[in-house]
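The values are calculated or read from the model by the stated rules, or taken from the named source; none is laboratory data. Bear in mind that the values here come from a model prediction, so they are computed numbers and not experimental data. So basically every Cβ, Gly included, is an ideal-geometry build from the backbone, and we count neighbours across all protein chains shown. The protein model used for the area step is the full one, side chains on, heavy atoms only, and it has no ligands, DNA or RNA in it. Shrake-Rupley method; radii C 1.70, N 1.55, O 1.52, S 1.80 Å.
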Amino acid sequence: MNDLEQILIELKEKVEKINDLNELNNLKVEYLGKKGNISLLSSEIGKLQADEKKTFGAELNKVKTEATALLDEKRVFLENKKLEEKLKNEKIDISLPATTIPVGSPNILEKIIEEVEEVFMSMGYDVVDGPEVEEDRYNFELLNIPKGHPARDAQDTFYIKDEEILLRSQTSPVQVRTMLSKKGDEPIRMICPGKTYRRDDDDATHSHQFMQIEGLLVDKDISLSDLKGTFDTIAKSLFGEECKTRFRPSYYQFTEPSVETDISCFKCKGEGCNLCKNTGWITVSGAGMVHPNVLRNCGYDPSVWTGFAFGFGAERLAMLKYGINDIRTFYNTDLRELKDFDRKDFE
Ligand code: DAH
C-alpha cells in the first residue's frame, strides 16, 4: 500500500517538472506500460492473502486511474501550450515594411524588335533566322557585291578564315538564304532580326556589334509603291499615326532603285530641331527593289518575280523611340540604366 502511495507521489512530482510531450510519453510508459512500475505491482497481487487482495486490487485500480488522469491532464496542457506557441510564431506583423522582390524586364532592344515583329507578322510575314558566322558568298557575292568591289569597303568586315568565312556584316545574307531555300517558285514575306558585326571603333553612334532587322518580300507585280505602303504602316505603328514618310534616292548593290527611308521628326513634328538636325526628317532604314542580279543569283526569274527589301538598324530605332543618345548604353551591363528606360516606357 505504501508503495502505491509512494509511486503516486513520485509520479506527481515528475509530471509537474515535465515540459515536453515526448518526455511525458516516456513517463507514461515508465508507469503504466506493460513493464511499468504500476503494472509490476499488480503482479504482486498473487502473493497476498485473499482479504488483502481485494483492498490492494481496489487501491491499485484507483492509483492507475489517478495516474492516467494526471498524465492526460498534463498532455492536454502541453498540447495547448505547443499550439499557442505555434500561433504566436506564425502571427503576421502587418506593420513590417514589404520586401521588394527584384523582377527582370525585357531588354529595350528586344522590346523594339518584338514590336516590329508584331507589325510585320500581322501583315503575313514570317520571322526567320540566319547564321552569324557566314560565308562570303552569302554576305557579299550573291548580293551582287563581288570580290574587290568598293562597296565592300563600307562594311569593314571581321574575317574568320581566309577571305571566305566571316562574321556577317549585315543581315542581308538571310535574304539570299531564304530565296535559295524556296527554289525560285514561291512568294516570300520574311523579316530577320539579328546580330551583325563590323570592325568599327565603338563610340556614341557606332558599335562593333549591332542589330539589324532585315526584310524581304518577293512576289509577282511588286512595285516601289508596295514598299512605300509597307514602310508607312510600320512607321505609323512605331512612331504614331501622324508620322509621315518619304523616300530619298540612294545606292546599294543589291537593290535597284535604292532608297533611304525617312520618317517625319516626331520631336518637332517637322519644324526642325536638334534630333532631326533641322531637316524635319529622320532616316531609319535602307531599302529598295531587289536587284535582278540578286533574284537571278538566288534562283528567281526576274522577268516573273519582283520584290523589295529593307534593313533597319534596331539600335537606331530604339534610340529614337526612347530618346537614348549613346548606342553603348545597350551593351553595358548597368542594370540601373537599363531599368530606367523600362520605367520611362511605362510612365
Ligand atoms: N544591308 C544594308 C546595310 O547594312 C542595309 C540595307 C539596305 C538592307 C537596303 C536592305 C536594303 O535589305 O534593301 O547597310
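Miscellaneous remarks
- In region 246-255, the residue that is surrounded by the fewest Cβ atoms within 10 Å (Cβ to Cβ) out of those that are within 10 Å of the ligand (Cβ to nearest atom) and in a strand (DSSP E or B) is TYR251.
- Enumeration of residues in region 256-265 that are within 16 Å of the ligand (Cβ to nearest atom) and among the polar types (S, T, N, Q): SER258, THR261
- Within region 258-302, tally of residues that are open to solvent by less than 50 Å² (accessible area, probe 1.4 Å), in a loop (DSSP other than H, G, I, E, B), of a type outside the set (A, V, I, L, M, F, W, C) and over 20 Å from LYS236 (Cβ atoms): 5
- Taken over region 300-319, the criterion of being touching a residue at least 60 places away in the same chain (Cβ under 8 Å) and under 30 Å from GLU110 (Cα atoms) is satisfied by GLY307, PHE308, ALA309, PHE310, GLY311, PHE312, GLY313, ALA314, GLU315, LEU317, ALA318.
- Test for ARG336: is it loosely packed, with under 14 Cβ neighbours inside 10 Å, free of Cβ contacts under 8 Å to residues at least 24 places away in the same chain and among the basic types (Lys, Arg): yes
Conditions (1) in the same structural domain as LYS183 (by TED's automatic domain parsing); (2) in contact (Cβ under 8 Å) with a residue 40 or more places away in the chain; (3) away from the ligand (no atom under 16 Å from the Cβ); (4) charged (D, E, K, R), marked per residue:
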| residue | (1), (2), (3), (4) |
| --- | --- |
| LYS267 | yes, no, yes, yes |
| CYS276 | yes, no, yes, no |
| THR283 | yes, no, no, no |
| CYS298 | yes, yes, no, no |
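One line per residue, one yes/no per condition, for (1) under 18 Å from GLU79 (Cβ atoms); (2) open to solvent by 50 Å² or more (accessible area, probe 1.4 Å); (3) modelled with pLDDT of 85 or more; (4) not assigned by TED's automatic domain parsing to the domain that holds LEU71:
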{"residue": "LYS12", "(1), (2), (3), (4)": "no, yes, yes, no"}
{"residue": "LYS17", "(1), (2), (3), (4)": "yes, yes, yes, no"}
{"residue": "ASN25", "(1), (2), (3), (4)": "yes, yes, yes, no"}
{"residue": "LYS35", "(1), (2), (3), (4)": "no, yes, yes, no"}
{"residue": "SER39", "(1), (2), (3), (4)": "no, no, no, no"}
{"residue": "LEU48", "(1), (2), (3), (4)": "no, yes, no, no"}
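- Test set (1) modelled with pLDDT under 95; (2) open to solvent by 60 Å² or more (accessible area, probe 1.4 Å) - GLU132 fails condition number: (1)
- Within region 73-108, if we keep just the residues that are of a type in the set (S, T, N, Q) and loosely packed, with under 10 Cβ neighbours inside 10 Å, the residue that is farthest from LEU11 (Cα to Cα) turns out to be THR100.
- Qualifying strands (runs of 3 or more DSSP E) (wholly inside region 126-198; at least 3 residues being away from the ligand (no atom under 13 Å from the Cβ) and more than 20 Å from ILE213 (Cα to Cα)): 159-161
- Any hit, region 203-223, residues being buried (at least 20 other Cβ atoms within 10 Å of the Cβ), free of Cβ contacts under 8 Å to residues at least 60 places away in the same chain and either near the ligand (Cβ under 10 Å from one of its atoms) or in the same structural domain as GLU186 (by TED's automatic domain parsing) (or both): no
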